[in-house]
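Heads up, the thing below is written out as structure tokens.
The values are calculated or read from the model by the stated rules, or taken from the named source; none is laboratory data. This is a predicted model, so every value here is computed, not measured. Cβ placement follows ideal geometry from the backbone for every residue including glycine, while neighbour counts extend to all protein chains displayed. When the accessible area is computed, the model is the full protein with side chains, heavy atoms only, and any ligands, DNA or RNA have been set aside. Shrake-Rupley method; radii C 1.70, N 1.55, O 1.52, S 1.80 Å.
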Amino acid sequence: MRYKNFIYNEERGFVFAYVPKVACTNWKSLMRYMVGKEDWLDNKLAHDKTGSGLRFLDADSNESDVLTNPDVKKFAMVRDPYSRTLSAYLNKVEKRLPVRPSKKTDHFEKIVDEIEQFRQVFLQDDVYPEINFEVFLLWLKYSKSWHVGDEHWAPQHILLKQPGLRFDFIGRFEELQRDAAHILSEIGCDQSFPSQKDVKFAPTNAKSKIDHYYTDATRTLVNDLFERDFQCFGYEKTMSSSPAVTRPLKRHPVKIDAFKKIKDLKIPVGSIIDVGVLNGTEELMQAYPGKHHILVEPVSEFFPAIRKKYDEAGLDYTLIEAAASNKDGTTRLRTVSVNQGKSITHARMVNFDGQGDEFRDVRSRTVASIVSSGEFVGPFLLKVDVDGAEEMVMQGAERVLHQCSVVCIEVGAQNFFDRIDLLLKHGFVLFDIVDLCYFDNRLAQFDFIFVNKNMLNQQQAAIFFGGFSAAKWQAYRPNALNSNTKV
């Protein structure tokens, strides 16, 4: 979206591009003074595009050719993203808190109401019990609502960007007196720069409040949201490296959230059978730290890293050095690297005698034979990720599926039915679809998580047990809150 914030003074031969929250009212007032308006200090008229008497360029019309005319000088002012974003929040959001149930006649009251809806639906109530600066930034980052593009907090490089445009001078709000004087001299203005008192616009004093409002989390969010502003206008981030921000949304289509919900529903899990470990399955380690992890992995190069990770985490585990398959014995394995041959990233069972270093013979075990030893406690959570041999693994697990409460299996967009056929036949129901992966913007693979229907019913945890409740209904739309969202 292009904002029509380029004011053109044809008589004087210059364009001034205003940026909201960068002394915007003061500059518009000065522009009105320069076209002879006696009431130039009226701040309401300054923001009235139809009544201000100013000529605003339409960037979507041929009039935008003015911006590429070398005889027309172009000026703008920018501001440190930290103080500008806080100023926008203080002026447009915080002053309208708490959220009122009355009719939303004010534009920004409606936006505040939308932020509150976002908080209630997507954020954790115990962490974010009400709107604050961090909630506002999370709304900017995650909602992708139409209103996140409002010019009061839109990135400055977007507001000032037009095809072929080169500014003669861009001043800084932090050097307002010096840079404003330079611009006024260049455009031939004989009026000094008006104060906030002159234009009757109360300052937010955002700069003096930065220490109070900024935390590691809010600073990181601003760094991410306004990365290009920092780069384009030479502002320095005050953190050399951004700390991780705890993922705030209530629910995501990822394994860890699905496993947490399964635990909340008290679906019994005695041990974890992790088929295809690579270097370790973080989600299972986090969700079930107190359970025994049976790690089935055939690639010996991964063994040291596996032992190190699980030992350091203090987890109880057994490493089964074999490939899970549909029979006990040996199988042919082909190792593959997608990292330019630096390390093995994938291993697949093959049914031909390939030659070369990437082929090897390894021991094969069925999940049923691993469980039949009796040393492991059920019911089992079975995770299968073996780069194409999932059907063989499931065939080898069929005799003990009744002992499994949860099955997580990687599938592809082209083969998912074949890989889950046994689960459907043995009374499993789909619980979640997680970790969607795209290739060339096309769905390529994902993980299905199934739960044993009998165990689900035993816990009275069927999805609509107890009836439907509108309060529990939530459409997962990470980039939208309503139908007005831009795509």
Open item on the list: Quick check on ALA88: is it out of contact with any strand residue (DSSP E or B) (no Cβ under 9 Å at 6 or more places or on another chain), closer than 24 Å to ILE210 by Cβ and either at pLDDT 95 or above or not hydrophobic (A, V, I, L, M, F, W, C) (or both)?
Closed with: yes
- [ ] Residue by residue through segment 106-122, note down the ones that are touching a Leu at 6+ places or on another chain (Cβ under 7 Å) and at pLDDT below 90.
- [x] GLN117, PHE118, PHE122
TODO: Considering only segment 125-144, state which residues are in contact with a Lys or Arg (Cβ under 8 Å, 6 or more places away or on another chain), open to solvent by 10 Å² or more (accessible area, probe 1.4 Å) and either assigned to a helix (DSSP H, G or I) or within 18 Å of SER87 (Cβ to Cβ) (or both).
DONE: ILE131
Task: Residues located in segment 288-320, provided they are farther than 20 Å from ASN351 by Cα and assigned to a loop (DSSP other than H, G, I, E, B) - done: TYR288, PRO289, GLY290, LYS291, GLY314, LEU315, ASP316
Task: Criterion violated by LYS383 - all others in (1) surrounded by 23 or more Cβ atoms within 10 Å (Cβ to Cβ); (2) of a type in the set (Lys, Arg); (3) over 22 Å from LEU278 (Cβ atoms) satisfied - done: (3)
Task: Evaluation of GLU63 against (1) part of a helix (DSSP H, G or I); (2) touching a residue at least 60 places away in the same chain (Cβ under 8 Å) (one fails), failing number - done: (2)
Open item on the list: Can you say whether LYS49 is open to solvent by 10 Å² or more (accessible area, probe 1.4 Å), part of a loop (DSSP other than H, G, I, E, B), touching a strand residue (DSSP E or B) at 6+ places or on another chain (Cβ under 7 Å) and among the basic types (Lys, Arg), as far as the supplied structure shows?
Closed with: yes
TODO: Specify which of the listed residues (GLY356, GLY270, GLY329, GLY280) is open to solvent by 10 Å² or more (accessible area, probe 1.4 Å) and within 30 Å of ALA462 (Cα to Cα).
DONE: GLY270
- [ ] State all residues of segment 290-302 that are at pLDDT below 95 and loosely packed, with under 15 Cβ neighbours inside 10 Å; if no residue qualifies, say none.
- [x] SER300, GLU301
- [ ] Return the only residue of LEU45, LEU41 being touching a Pro at 6+ places or on another chain (Cβ under 9 Å), modelled with pLDDT under 95 and of a type outside the set (Asp, Glu).
- [x] LEU41
Task: Filter result (open to solvent by 50 Å² or more (accessible area, probe 1.4 Å), touching a residue at least 12 places away in the same chain (Cβ under 8 Å), polar (S, T, N, Q) and over 14 Å from SER325 (Cβ atoms)) within segment 386-415 - done: GLN403
Open item on the list: Given the criteria in a loop (DSSP other than H, G, I, E, B) and either touching a residue at least 24 places away in the same chain (Cβ under 8 Å) or not acidic (Asp, Glu) (or both), does LEU41 qualify?
Closed with: yes
Open item on the list: Which numbered condition in (1) under 26 Å from GLU175 (Cα atoms); (2) basic (Lys, Arg); (3) open to solvent by 40 Å² or more (accessible area, probe 1.4 Å) is the only one that ARG79 fails?
Closed with: (3)
Task: Candidate set from segment 146-189 (those that are among the charged types (D, E, K, R) and open to solvent by 70 Å² or more (accessible area, probe 1.4 Å)); member that is modelled with the lowest pLDDT - done: LYS161
Open item on the list: Cβ-Cβ under 8 Å, sequence separation 6+ or interchain: first residue in segment 77-92 and closer than 20 Å to PHE6 by Cα, partner part of a strand (DSSP E or B) and open to solvent by less than 10 Å² (accessible area, probe 1.4 Å). Which pairs?
Closed with: MET77/GLY171; VAL78/GLY171
Open item on the list: Within segment 190-208, does at least one residue satisfy the condition of being open to solvent by less than 20 Å² (accessible area, probe 1.4 Å), farther than 25 Å from LYS4 by Cα and in contact (Cβ under 8 Å) with a residue 12 or more places away in the chain?
Closed with: yes
Open item on the list: Tell me the residue from VAL386, VAL407, VAL411, VAL393 that is farther than 24 Å from LEU456 by Cβ and aliphatic (A, V, I, L, M), please.
Closed with: VAL386
TODO: Please enumerate the residues belonging to segment 18-42 that are closer than 21 Å to LYS92 by Cα and crowded, with 18+ Cβ neighbours inside 10 Å.
DONE: TYR18, VAL19, PRO20, LYS21, VAL22, ALA23, CYS24, THR25, ASN26, TRP27, LYS28, SER29
Open item on the list: When you check GLU312 against the structure, is it out of contact with any helix residue (DSSP H, G or I) (no Cβ under 6 Å at 6 or more places or on another chain) and surrounded by 13 or more Cβ atoms within 10 Å (Cβ to Cβ), yes or no?
Closed with: no
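One line per residue, one yes/no per condition, for (1) in contact with a His (Cβ under 7 Å, 6 or more places away or on another chain); (2) farther than 30 Å from SER208 by Cβ; (3) of a type in the set (Asp, Glu); (4) modelled with pLDDT of 90 or more:
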position: SER61; (1), (2), (3), (4): no, yes, no, no
position: ASN69; (1), (2), (3), (4): no, yes, no, yes
position: PRO98; (1), (2), (3), (4): no, no, no, yes
position: LYS104; (1), (2), (3), (4): no, yes, no, no
